[in-house]
1. Going by the structure shown, is B:R77 over 19 Å from B:F159 (Cβ atoms) and touching an Asp or Glu at 6+ places or on another chain (Cβ under 8 Å)?
2. If I ask for residues that are at positive phi and among the hydroxyl-bearing types (S, T, Y), which ones from segment A:1-57 would you list?
3. Is there a residue in segment A:58-80 that is out of contact with any His (no Cβ under 7 Å at 6 or more places or on another chain), away from chain B (no Cβ under 14 Å) and within 11 Å of DNA strand D (Cβ to nearest atom)?
4. When segment B:72-83 is examined, which residues are found to be closer than 17 Å to B:W160 by Cα and surrounded by fewer than 16 Cβ atoms within 10 Å (Cβ to Cβ)?
5. Provide a single number: the residues in segment A:156-194 that are buried (at least 21 other Cβ atoms within 10 Å of the Cβ), in contact with a Gly (Cβ under 8 Å, 6 or more places away or on another chain) and touching a residue at least 24 places away in the same chain (Cβ under 8 Å).
6. Return the only residue of B:E86, B:E129 being surrounded by fewer than 16 Cβ atoms within 10 Å (Cβ to Cβ) and within 15 Å of the chain's Cα centre (by Cα).
7. State which residue is farthest from the chain's Cα centre (by Cα) when the search covers only segment B:28-59 and only residues that are within 23 Å of B:E104 (Cβ to Cβ) and crowded, with 18+ Cβ neighbours inside 10 Å.
8. Give just the number: which of (1) of a type in the set (G, A, S); (2) touching a residue at least 40 places away in the same chain (Cβ under 8 Å); (3) in a helix (DSSP H, G or I) does A:G153 not satisfy?
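Throughout, read-outs are computed from the coordinates displayed, never taken from laboratory work. The structure presented is a predicted model; accordingly, all values stated were derived computationally and were not measured. With ideal geometry, Cβ positions are generated from the backbone for all residues, glycine too; neighbour counts draw on all protein chains shown.
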Number of protein chains: 2
Amino acid sequence: MSVQERKERERAARERLIVATARELAEQQGWDAVTTRRLAERIEYSQPVLYSHFRGKREIIGAVALEGAAELAVTLRAATAGAASEGPRARVTALARAYLDFAERNPAVYDAMFQLDGGLAFAQEETPEALKDGFAALLETLEEVAGEGVHPGLFTEVFWASLHGLATLTRAGRLPAGDAERRAELLVDRLAVL
Amino acid sequence: MSVQERKERERAARERLIVATARELAEQQGWDAVTTRRLAERIEYSQPVLYSHFRGKREIIGAVALEGAAELAVTLRAATAGAASEGPRARVTALARAYLDFAERNPAVYDAMFQLDGGLAFAQEETPEALKDGFAALLETLEEVAGEGVHPGLFTEVFWASLHGLATLTRAGRLPAGDAERRAELLVDRLAVL
DNA sequence: TTGATTGTCTAGCGGTGCTAGGATTCAGGT
DNA sequence: ACCTGAATCCTAGCACCGCTAGACAATCAA
């Protein structure tokens, strides 16, 4: 029994290594640079080993996305908890800032989650828990500022989409980088009902 | 002279053919299916011909993006002009609807403009006119609902980013498809100052 | 010790964007 | 009408991609 368990541990460790290496490489040089060859070389195994853990590159992206979603949820909750005693407005501002900050600091992970195809299901039954939890973290803070007669889930979707638009357009150079903070403020001011 | 002119006309026609074919292929089967080989085959020339018109695939995407930007500007102006006499609120709603509708109807073109790398400059001096004009079309309608003391350009950026977020997340399956209309309404309600 | 199972690798397939260099066509001068 | 040089276009090939078949070595059960 113990031998099997050790093997399973080693296998799990290698899988974590693959995901961590893919993420690292993507953050360093972009997802285009994450090829199966390079990835295999970095983990010091041959290419086919990757396929004994994941169906393909897309599933590796998906794994990075899940990891990122869990981190994002933690980050958002920490940010709103930090502003817990300062009223709803401060909480929402902190939430928006934390979200945009996460997207800026982890562009490759953010892409894996929301831009690339990681083969994950969204907004459905079979959506992975980590993703649902990320959305839940948003909802927890936003439901109190949704406004009367507005469905909190719907409001969260709109708020999230707006943040997502800001994050992606800013990072893709479609919006001037300097005014990011002012845009976020304006968004919070208008969307949140205080 | 006339010979040279004819050649130049033919060359321009072929360039239009390349862009139109790339766009068509992208809308039919996605940008992944737009390979230099397939594209060359469809226009009935060999691959290297593409490179006598464009530096590479990225520039072809850029050309499609410019075409799309011009169309988007026309579409948006037509939509707001159609609601010209119905007050600012109707105009903004028409604008938002037209934008989201464009993104939904022309996903490949929309991707070329805002998701993919077409090698274009944004929000800068050397930004192509078509892109500036697209932004101008948004601004024309939105500046009157920016609210007092809010810079119209900044407000337009925020509004645009929000629409962009809705468009991309919806199309990528990250948001449930059914409630698109309600989300758009909520967004307009909150952002526009009437 | 043997035989089967598991794990890993080498080698290779069909595809990608892109380009060097040769063949062909054609305009313009004699 | 013919030659010549330039412009045009294509064949063939490079290095790389994601992915996989099949050989080989290591490990375990009997």
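1. Numbers: over 19 Å from B:F159 (Cβ atoms): no; touching an Asp or Glu at 6+ places or on another chain (Cβ under 8 Å): yes.
When the stated conditions are applied, B:R77 does not pass them.
2. none
3. Checking segment A:58-80: at least one residue is out of contact with any His (no Cβ under 7 Å at 6 or more places or on another chain), away from chain B (no Cβ under 14 Å) and within 11 Å of DNA strand D (Cβ to nearest atom).
4. Hit for segment B:72-83 is B:V74, nothing else.
5. Matching residues across segment A:156-194 total 6.
6. Values: B:E86 fails: within 15 Å of the chain's Cα centre (by Cα).
Matching residue, one of B:E86, B:E129: B:E129.
7. B:V34
8. (2)
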